[in-house]
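Heads up, the thing below is written out as structure tokens.
Derivation of every value follows stated rules applied to the coordinates shown; laboratory data play no part. Treat the numbers as computed from the prediction; the structure is a model and nothing was measured. Neighbour counts are summed over all protein chains in view; Cβ atoms, including those assigned to glycine, are modelled from backbone coordinates with ideal geometry.
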Amino acid sequence: MRAELTSSDRMRHALKGHLDHEGVQTLLEAAAACDEAQQCLADEDYESALEIALPLVLLQTPVVADRAKETALAALDELVERALSVGQPRLALQYLDQWLRLEPKGFFPLVRRAEILQHELGDLHEAWTAYLQVLRHYPNSIEALLGLAQLALAEGNPERAYPYILRAWQSLGQSEWAYTPSSRTMQSVFEDLYDITAGMLHWLGSAEEARALTEQAIALLGETETLKERMQIIEELGD
């Protein structure tokens with residue numbers, strides 16, 4: 001007659017059935033690869049860091065995949081700025097496309113892509129589409145609203161710019177920022193916001209209101225080159 005399994009036997013068999021030596025080996029190798037990728041990052045070898053980290057993002061184990069993804073994104077961030085610093089905006093866009101494959105709704109890469117299309121490549125049509133894509137995910141993105149207003153003004157179309165300028169002011173308290181909203185970032189964004197708003201008021205027929213707004217901006221932000229130029233335009237053109 002077959003002997004009954006004791007409770008200890010059952011626990012021992014269950015435990016042995018779940019031993020996963022291959023899983024341990026895989027995780028050890030992945031952790032070592034993550035360490036290597038992070039060391040490459042520290043050594044500013046961003047290409048190698050990205051090359052090592054990307055395959056690990058596909059692993060089913062979140063603890064390794066998440067760590068690898070953080071390393072890959074950090075490397076991509078550096079590679080984007082490096083490409084721009086050597087005058088290769090299209091290469092920067094390729095890195096941002098990789099970034100967006102890892103993080104399809106990434107706020108910063110979406111905005112950065114639109115900015116490069118606008119300022120580095122001068123592709124106003126693609127930049128317009130890119131900023132609209134930002135707004136689909138982040139409807140109160142002040143950077144996207146300003147970008148669209150600037151594009152419309154570059155086309156010589158203030159009427160098209162008007163709703164985006166208005167939305168930027170209306171949503172100011174709930175504004176969403178792709179860049180870290182430091183004093184420096186806010187200074188730059190608000191400088192542009194006051195500048196184009198004053199330009200809009202001037203276009204709408206009131207040099208006096210445009211002048212008053214620019215004076216308020218200077219009182220808040222200082223007499224920057226952008227605001228000085230705006231005041232000069234107002235004084236030269238008048239009503």
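Here is how the numbers come out for the structure above:
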| quantity | calculated |
| --- | --- |
| Nearest 10 degrees, 0 to 90: helix 183-203 Cα axis against the chain principal axis | 40 |
| Estimated FRET transfer efficiency when R0 is 35 angstrom, pair S188-E51 (beta carbons, to 0.05) | 0.55 |
| Whichever lysines have a C-alpha closer than 19 Å to that of K105, once near sequence neighbours (fewer than 8 apart) are set aside | K69 |
| Residues S8, S141, S175, sorted so that the one with the fewest Cβ neighbours within 10 Å comes first | S8, S175, S141 |
| Cα-based helix-to-principal-axis angle, 7-17 vs the chain, degrees rounded to 10 | 60 |
| Vicinal HN-Hα couplings computed from phi for region 111-126 (Karplus, 6.51 cos²θ - 1.76 cosθ + 1.60; Hz; Gly/Pro x) | 5, 4, 4, 4, 4, 5, 4, 6, 8, 8, 9, x, 8, 5, 5, 5 |
| Amide H within-cut-off set for E176, under 5 Å, with H built and near neighbours excluded | N140, S141, I142 |
| Entry for Cα Rg over 2.2 N^0.38 Å (calculated from the structure that is shown) out of (i) 1.50; (ii) 1.26; (iii) 1.57 | (i) |
| HN-Hα J in Hz across region 25-31 - Karplus 6.51, -1.76, 1.60, θ = phi - 60°, x for Gly and Pro | 4, 4, 5, 4, 5, 5, 5 |
| Relative packing of peptides 25-33, 115-123, 69-77 - highest average C-beta neighbours within 10 Å first | 69-77, 115-123, 25-33 |
